[in-house]
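All of the numbers you see were taken from the coordinates with simple rules; none came from a lab. No experiment lies behind these values; they were computed from the predicted model shown. A quick note on method: Cβ atoms are made from the backbone with ideal geometry, for glycine too, and the neighbour counts reach across all protein chains shown.
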Amino acid sequence: MIRLRDVRLIRYVLASVAALAVDMGSFLVLLAASMNAALAAASGYSAGILVHWLLSSRAVFHDGLAAPGEGRGRQKLLFVGSALVGLGLTTAIVALGSQAGLDPRGSKLAAIVISFAVTYLLRKAVVFAPAERS
């Protein structure tokens, strides 16, 4: 039997795939345009943040979405904070990979796995955690 938390994780994976499509598409286009690999990674990740908020707040953690107002604003700030953690990890991993002479696409793939795990845990435990909702 599939538990609610398993369904939530499946929905999070699907939301992440959609955000990743935006992220990687942007990253590859910017790389092809000769943008610095770390900057292209940061730009692509940033584009994916908006997609992820929309999907996470509406389809994944909808039961933890704060009511409009101050609570929602705080939640959005926490979401952006979690995204910035992922962005920092992504940018650092791609930059380190580039400095080590690795293909930036491979570094980006490693960054995706690490960033996914860290941001999921932050969003589950902090951003959309059950609490008093305004």
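Here are the numbers for this structure:
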| read-out | value |
| --- | --- |
| Using a Förster distance of 25 Å, the FRET efficiency for residue 35-residue 121 (Cβ separation, nearest 0.05) | 0.25 |
| Computed P(r) (all Cα pairs; the chain; 5 Å bins; percent) | 2, 11, 20, 22, 16, 12, 8, 5, 2, 0 |
| Segments 45-54, 96-105 sorted - mean Cβ within 10 Å per residue, highest first | 45-54, 96-105 |
| Net lengthening on full extension, residue 92/residue 105 (0.36 nm per residue, minus Cα-Cα) | 3.3 nm |
| Within-10-Å neighbourhood charge of residue 127 [Cβ basis; K, R +1; D, E -1] | +4 |
